[in-house]
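One structure is given below, encoded as structure tokens.
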There are 2 protein chains.
Amino acid sequence: MLGNTYESQVCSISRTLEVYGERWTFLIMRNALFADSTRFVDFQRSLGIATNVLSARLDHLVNEHVMERIAGADAATSSGAAAGATRYRMTPRGRDLVTALVALTQWGDSWAAPDGAPVLYTHRAGAHPVRAALVCDECGVLDASADVEALPGPGMPNHLAERLLARHEARVAS
Amino acid sequence: MLGNTYESQVCSISRTLEVYGERWTFLIMRNALFADSTRFVDFQRSLGIATNVLSARLDHLVNEHVMERIAGADAATSSGAAAGATRYRMTPRGRDLVTALVALTQWGDSWAAPDGAPVLYTHRAGAHPVRAALVCDECGVLDASADVEALPGPGMPNHLAERLLARHEARVAS
């Protein structure tokens, strides 16, 4: 359970973290999106996570419609060691976390990677480097020093919206 | 403690989550970056967080050089109720989380905001909408369906790099 005030709950970051806000969950998502992990054993081997914990995390992601469970094919119609294994497939809701995962990676690359970036994200079969950035509808890709503000949106209750707007106006006037 | 395998530890997402990977921490960062929170009491009131928990989280962020603690001015030379209060100021290391925070917000706005986005991020005194996006060095701003891959970077140990490259080559060939 997160915040007990309205202000901390009416927040899309809080709501995102209600779904993903456990560190293993982000790493499971990373492996599903970027390491072709689909079977329980894929996640288990690459993460070294306890099976009961992994099982609970995958159940949670399926319940949140971030992944879907695909029943294994009959052994008779499949080939290879993995025949029959249940697979976990990302839904569009899950795949849409990609920008956040790249942005979280980038922070670590910039501030906590003494040996350099472990992973490079690329586009078009590895040929073009990709990064996460803030993009302004009018000005294009922003640099890190751009002044970005938070203003009330349609989902903000009125009394909180007024407080945010008052702060914005004080900043503009100063 | 996160992963007990090398593969889960040599990861910039893991390292980012070692710093921020507790939900309150992301919300403290949000309030410092976007709600002008600087004093203990600002964070405490807006988040409704227990003071011992908030104190531990702020200590952690200061220890991680994400925030710095500014001793309060003498009451004699300050004015207002907050005179003398210690302030918490974001460092460049902390401010650089902004893209990840906007990206996490966006996921919540898209998939978990039944009343619409609570907050709109803007540029230039509120005039221009801002979003987080993946940007390709060659192709510009990518849309959500772009095929982004993870390839080994300079910080990836050789045996893991070989595995990632083999997967990449199998994908290109298929």
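The values are calculated or read from the model by the stated rules, or taken from the named source; none is laboratory data. Owing to the predicted nature of the structure, the values given are computational and were not obtained by experimental measurement. Cβ placement follows ideal geometry from the backbone for every residue including glycine, while neighbour counts extend to all protein chains displayed.
Looking only at region B:110-119, residues that are closer than 19 Å to B:Leu33 by Cα and either more than 7 Å from every other protein chain (Cβ to nearest Cβ) or at pLDDT 95 or above (or both) come to 0 in all. For region B:121-148, a residue qualifies if it is more than 7 Å from chain A (Cβ to nearest Cβ) and under 30 Å from B:Asn31 (Cα atoms), and the qualifying residues are B:Arg124, B:Ala127, B:Asp143. Per the listing B:Val119, B:Val135, the residue uniquely under 22 Å from the mean Cα position of the chain (by Cα) and free of Cβ contacts under 8 Å to residues at least 60 places away in the same chain is B:Val135.
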